[in-house]
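K.L.:
Pasting a structure below so you can have a look.
The values are calculated or read from the model by the stated rules, or taken from the named source; none is laboratory data. Quick caveat: nothing in here was measured; it's all calculated off a predicted structure. Because the Cβ atoms are built from the backbone with ideal geometry, glycine has one as well, and the counts that use them run over all protein chains shown.
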Amino acid sequence: MEITTPIDVDIIALDKDDRVVVLIEVKIIQAQEQAAKQRIADYMISWMKAVLAKISEQRTIIPYAMFVDTEKILIFKWNGENLSEPVCSLKTGKIIGYYEPEFGKKWISERYLESLIESWLRDLGYNGKSERPPAESEQIAKIGLLQRLAGGTTKSGVQLGNFVYRDKLLDEYCHRA
C-alpha cells in the first residue's frame, strides 16, 4: 500500500508534551454481512499500519493506533516496525453511551462518532478531574495508554507528514489543510 504525505487522519491524541501518541480512525461500516464488515475493518487496519510506517520513516513513532466502528474500539501498539494484534478491545456502545444515550438506537454520522470519541479521550486525559472515571479507564491504564493521555488533548481532521504542534501552530496547520 503506497502512502504519500500529507496523510489525512480522523483524529490524533497528543500527550502533555505535544507528541502524537495515538492515531485514530473512525469508520461507520454500513455493510450488513459480517465477512464484508471484517474485510473493511482489516483494510483500515492495514492502512493505519502503512501510515504509521510512513510516519516512522520521518523518525516519529506514534506508539498506539485505534480503530473505531459502531461495534468495537480496537487499540494496537506500534513499535516503529510492527503493529501488534489488538492489545485492548472495547465495546463502542459502552463507551459512547455515556456521551450519547441514544447511541445504537438512532443513526449517527461518522463525524459525530469522531466527536464522541474525542470527548472520551479528553476525559481520559483529565481522569483525575472527573467525579466519575471515564468508561474503561482501567483497561486503558493496563496497556500504558492512560498515562500517555494524561494532560493531553485531541485534534480531528489533521494532516500528518510535517511535525505536529498543539494549539496555535497545529490549529493553523489544520486550517490550511
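K.L.:
For the subset of segment 125-140 comprising residues that are of a type in the set (D, E, K, R) and part of a loop (DSSP other than H, G, I, E, B), which member is modelled with the highest pLDDT?
P.N.:
The extreme case among them is GLU136.
K.L.:
Looking at (1) of a type in the set (Gly, Ala, Ser); (2) out of contact with any helix residue (DSSP H, G or I) (no Cβ under 7 Å at 6 or more places or on another chain); (3) closer than 19 Å to SER56 by Cβ, which one does ALA35 not meet, given that it meets all the others?
P.N.:
If we test ALA35 against (1) of a type in the set (Gly, Ala, Ser); (2) out of contact with any helix residue (DSSP H, G or I) (no Cβ under 7 Å at 6 or more places or on another chain); (3) closer than 19 Å to SER56 by Cβ, just (3) comes out false.
Results for (1) modelled with pLDDT of 95 or more; (2) assigned to a helix (DSSP H, G or I); (3) in contact with an Asp or Glu (Cβ under 8 Å, 6 or more places away or on another chain); (4) exposed (fewer than 14 other Cβ atoms within 10 Å of the Cβ), shown as yes or no for each residue.
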| site | (1), (2), (3), (4) |
| --- | --- |
| SER56 | no, yes, yes, no |
| ILE61 | no, no, no, no |
| ILE73 | yes, no, no, no |
| GLU81 | no, no, no, yes |
| GLU100 | no, no, no, no |
| LEU113 | yes, yes, no, no |
| ASP123 | no, yes, no, no |
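K.L.:
Something else about it: Mind telling me which of the residues ASP8, ASP17 ends up being assigned to a strand (DSSP E or B), among the acidic types (Asp, Glu), more than 12 Å from the chain's Cα centre (by Cα) and surrounded by fewer than 20 Cβ atoms within 10 Å (Cβ to Cβ)?
P.N.:
Sole residue among the options that is assigned to a strand (DSSP E or B), among the acidic types (Asp, Glu), more than 12 Å from the chain's Cα centre (by Cα) and surrounded by fewer than 20 Cβ atoms within 10 Å (Cβ to Cβ): ASP8.
K.L.:
Across segment 83-98, what is the total count of residues that are in a strand (DSSP E or B) and either among the polar types (S, T, N, Q) or touching a residue at least 40 places away in the same chain (Cβ under 8 Å) (or both)?
P.N.:
The qualifying residues number 3.
K.L.:
Counting only residues that are touching a helix residue (DSSP H, G or I) at 6+ places or on another chain (Cβ under 7 Å) and not basic (Lys, Arg), which one in segment 23-32 is nearest to VAL51 (Cα to Cα)?
P.N.:
LEU23
Yes/no per residue for (1) buried (at least 17 other Cβ atoms within 10 Å of the Cβ); (2) over 20 Å from LEU149 (Cα atoms); (3) touching a residue at least 40 places away in the same chain (Cβ under 8 Å):
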position	(1), (2), (3)
GLN30	no, yes, no
GLN38	no, yes, no
MET48	yes, no, no
TYR64	yes, no, yes
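K.L.:
Does VAL68 satisfy the criteria of being crowded, with 16+ Cβ neighbours inside 10 Å and within 15 Å of VAL158 (Cβ to Cβ)?
P.N.:
No: the conditions fail for VAL68.
K.L.:
Continuing with this model, one more query. Considering segment 83-92 alone, what residues qualify as being surrounded by fewer than 15 Cβ atoms within 10 Å (Cβ to Cβ) and within 19 Å of ILE29 (Cα to Cα)?
P.N.:
Correct list: SER89, LYS91.
K.L.:
Counting only residues that are among the acidic types (Asp, Glu) and out of contact with any helix residue (DSSP H, G or I) (no Cβ under 9 Å at 6 or more places or on another chain), which one in segment 94-129 is farthest from THR154 (Cα to Cα)?
P.N.:
Looking at residues that are among the acidic types (Asp, Glu) and out of contact with any helix residue (DSSP H, G or I) (no Cβ under 9 Å at 6 or more places or on another chain), I get GLU102.
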